[in-house]
Amino acid sequence: MAAASGERAPAFTAQELEKLVDGVLPQYTLLYGPPDQQVSAHQKRDIWRAIAKDVRTLGAHQRRGTHCRKRWEDIRRCTKKMAEAQLGMASQRGRGARRTMTPLMFRILAVAYPELDGRLRTSQQTQGGEYNLILRTLHAVEGSGWGGGLWVSLGQGEFGRQSPSVM
């Protein structure tokens, strides 16, 4: 059910977020690649519409391409902020400094910000942090077909995870 005019749309469910990320990552270069790639605004709009159609197959809410694009941009921005906070590049006052990056966020970081992903990987490996544990778990989980059990609080733009047995 779509929100009435002037109302906020309901928060994306964990399954909708998984489907959104699964739809965007393979299309990332077309959507955000270099300008010489010759992808028109109309083609990008069609890609977002296709992603929204895929998200709607879950039946939770009637998402439009613009909803999906805006939610993706929020997730991407949040992911970058948290990675920078963990690397000490950003102010430690924000929520990102107190949160642990989730497997979904690591997937986004690897595609959207490979330079930060590499720096975070190097930093965490030298500090013996949990990055390697999360990556190993993510690879094992993706191979098992488990969806990730992720949740998001739209109000604060925070990511979290449920407590599956593998985490």
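Observations on the model:
- Taking all protein chains together, Ser40, Ser123 sort by accessible area into Ser40, Ser123, largest first [probe 1.4 Å].
- Accessible surface of Arg77 - all protein chains present, 1.4 Å probe, nearest 10 Å²: 150 Å²
- Candidate cross-link partners of Lys80 among the lysines, defined by an alpha-carbon separation under 18 Å and a same-chain spacing of 8 or more, comprise Lys70.
- Extension reserve of the Thr66-Asp46 stretch, reckoned as 0.36 nm per residue once the Cα distance is removed: 6.1 nm
- Overall form of the stretch 1-91: oblate. Here a/c, set by the Cα gyration tensor axes a ≥ b ≥ c, is 1.5 or more, and a/b is not larger than b/c.
- Length added when fully stretched, Gln38-Arg8, from 0.36 nm per residue minus Cα-Cα: 7.4 nm
- Protection proxy ranking of 29-36, 45-52, 112-119 - average other beta-carbon atoms within 10 Å, highest first: 45-52, 112-119, 29-36
- Treating r as the C-beta distance of Glu115 and Leu25 and R0 as 22 Å, the FRET efficiency rounds to 0.85.
The values are calculated or read from the model by the stated rules, or taken from the named source; none is laboratory data. Please read these numbers as outputs of a predicted model, since none were measured by experiment. We place every Cβ from the backbone using ideal geometry, glycine too, and count neighbours over all the protein chains shown. Just the protein is used for accessible areas: all its heavy atoms, side chains included, with ligands, DNA and RNA removed. Shrake-Rupley method; radii C 1.70, N 1.55, O 1.52, S 1.80 Å.
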